[in-house]
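Some notes on the structure that comes next.
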Amino acid sequence: MSENLSRRPRELDSRANAGIQVELWWSPADGRTWVTVRDIRAGARFVLPVHTGERTPDVFDHPYAYAARHGIPTTARAA
């Protein structure tokens, strides 16, 4: 495997329910993890970094709560 491919972010987990898709990502290049959320019905999406001291499974399971905690908007923005 080329080094470039081995350094690409990897999807570790995903789930979808009621038009909301949640994905957990990890970057082998720098060890960061983050969660992406897409609400298909509302047309909203956001990216939520997993911060030091946070449990990655908790952020994946409760992304809206963690987004609120960090002041990350979770609704679609007007064009």
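The values are calculated or read from the model by the stated rules, or taken from the named source; none is laboratory data. Since we're looking at a predicted model, the values are computed, not measured. Every residue, glycine as well, gets a Cβ built from its backbone with ideal geometry; the counts of neighbours run over all protein chains shown.
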Subset of the stretch 49-79 (residues that are among the acidic types (D, E) and more than 19 Å from S27 (Cα to Cα)): D61
Residues of the stretch 26-79 being among the acidic types (D, E) and either within 24 Å of R7 (Cβ to Cβ) or in contact with a strand residue (DSSP E or B) (Cβ under 9 Å, 6 or more places away or on another chain) (or both), which ones? D30, D39, E54, D61
Kindly indicate which of P49, P57, P63 is within 23 Å of A18 (Cβ to Cβ), surrounded by 12 or more Cβ atoms within 10 Å (Cβ to Cβ) and modelled with pLDDT of 95 or more. P63
Pick from R10, R55, R38, R32: which is under 22 Å from T75 (Cβ atoms) and basic (K, R)? R38
If we ask which residues in the stretch 66-79 are more than 19 Å from Q21 (Cβ to Cβ) and loosely packed, with under 10 Cβ neighbours inside 10 Å, their number turns out to be 3
